[in-house]
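Chemist: The structure is given below, and queries will be raised subsequently.
The values are calculated or read from the model by the stated rules, or taken from the named source; none is laboratory data. Just so it is clear, the structure is predicted and the values come from calculations on it, not from any experiment. Here the Cβ positions follow ideal geometry from the backbone for every residue, glycine too, while neighbour counts run over all protein chains shown. These accessible areas exclude ligands, DNA and RNA; they are computed on the full protein's heavy atoms, side chains included. Shrake-Rupley method; radii C 1.70, N 1.55, O 1.52, S 1.80 Å.
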Amino acid sequence: MATSIDYKCLLRHHRSTKPSAALLEKNRFGVSGRLGNVQVSGMKKQTHKVLKKGEEEETLCCCEYVNRHGERSHIAACCCDCVDLDDAFDRFLKRESQKPDSLSQVATVISDRIRVPWLWGGAQKLDLSIIPPLFLLPALLHLAALHFLLGLVVLTALPVLVLWYYYFTHRKKGRTLFFLSLALFSLAYMYYVFIVEVFPRGDVGSFELAAVTVGITLTIMVLFHSKKNPGVVWPDKEAVHSTVTYYSPLADRHSPLNGRRQDVTLTAASQTDLDGPDLKESNRNWCSVCRVVRPPRAGHCRICGVCVLRLDHHCVWINSCVGQANHRSFLLTLVLFLLTSLYGIGLVLRSVCPEQHLLTAILYCPGVYDQFSTALCFTCVWYCTIVTAGVLHLLVVQVINISCNVTEREARAALREKSARSSCLGLVVETGVYSRGFSGNWSEFMSMGDHVGPTSPAHFV
């Protein structure tokens, strides 16, 4: 049985001396018996200056924060003491070559110092990836509304650029708020155009406006609900024997927004009870990052840095994994968005193209570019149509996978290993491993629990 202890390691860095090693500060409960070896992997060689104990325990005001070096700073000092920027600018003036990592260092400093005041926990870091959609989307839609050919070029290039950025970030396995910002701002901007340009025309009544408002509100509410815990495999508190606090992020771990501090729980579980096939299965499902034996159908997300029960995929549009705990709410988000978008498209086309049928108005609407107001509404309809087509494809894939009781991750792995049957242009992938029939598969999906407790202590080390 593991002895309960609590470690707190602080890394101190002084300008006049070399960086010291991790310091064991205190042992709360005492140590009895033999302790297992505690290994903290992924720590960088260079340590950072940290706050003194008294300063660390003080509450930060709304404009203060702990920077990437572990120092207390203020948002008013965002332009002060920037060594990396000064060095890069000096080299530029002297026409000297820049250091290989100078631009990345400057970008890191700027990203760390751009913050917004926050009442709880000090100033919070503002992710720069949320800013481009706020400016690019209105600018591109207004440009596309000027002429039919411009609209064709913009609405063709926009999805291509989004897909390119998706594959670029997906290849680097990095987290970004760009897609979540684009999704939320698209909903907000389409609703703004509907209120300002469509509703005053008098073709849309109060009931239709209320229906669109309720649909968008429910979509956003369910979207944020699906961003909650997807079913992360948390360690059992009874198996935790130590806690290490350090100021450098582990590999494949998401560093905190305010400073570089992290608390890592180390567990010790006996593997003596596992032998034969159980031991082989544990070795096969062992996650070296989370230090856990993954339960069946669980997977490790390299973007989030955690293991998730019944992992389906990592969705960039909600900036979270889709797993056992949030899969149903994710599916409900797709359905609500699809219904609201189709209803809104029909209302706008009925207003700007009253003489055309809805199915033909989206392709041919004479005189729609005579006024900028109607041209902007028509352009937004085409933008919503493109987005709705992508959501419809995702919804169809999800419904098919649920009907076959296979996750997106399992389907890709089976196709890669050539152990599954695919049909309908790859939309239907049958592995036959967990399938219990159409009704049984949907019954299992609808009965999955939202509350996910910790895995058995025997799964942790």
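Chemist: Which of the residues spanning segment 92-109 are over 22 Å from the mean Cα position of the chain (by Cα) and assigned to a helix (DSSP H, G or I)?
Modeler: Phe92, Leu93, Ser102, Leu103, Ser104, Gln105, Val106, Val109
Chemist: Could you tell me which of the residues Asp112, Asp87 is open to solvent by 50 Å² or more (accessible area, probe 1.4 Å), farther than 16 Å from Leu182 by Cα and part of a helix (DSSP H, G or I)?
Modeler: Unique residue meeting the criteria: Asp87.
Chemist: Here's another thing I want to ask about it. Name the residues in segment 75-106 that are aliphatic (A, V, I, L, M) and farther than 26 Å from Leu119 by Cα, would you?
Modeler: Val83, Leu85, Ala88, Leu93, Leu103, Val106 - these are the residues of segment 75-106 that are aliphatic (A, V, I, L, M) and farther than 26 Å from Leu119 by Cα.
Chemist: While we're on this one: Can you tell me which residues in segment 328-362 are among the β-branched types (Val, Ile, Thr) and out of contact with any Phe, Trp or Tyr (no Cβ under 8 Å at 6 or more places or on another chain)?
Modeler: Selection gives Thr333, Val335, Thr340, Ile345, Thr360.
Chemist: In segment 402-418, what residues are assigned to a loop (DSSP other than H, G, I, E, B) and open to solvent by 70 Å² or more (accessible area, probe 1.4 Å)?
Modeler: Answer for segment 402-418, where residues must be assigned to a loop (DSSP other than H, G, I, E, B) and open to solvent by 70 Å² or more (accessible area, probe 1.4 Å): just Lys418.
Chemist: Against the conditions (1) surrounded by 18 or more Cβ atoms within 10 Å (Cβ to Cβ); (2) at pLDDT 80 or above; (3) farther than 20 Å from Val348 by Cα, where does Tyr383 fall short? Just the number, please.
Modeler: (3)
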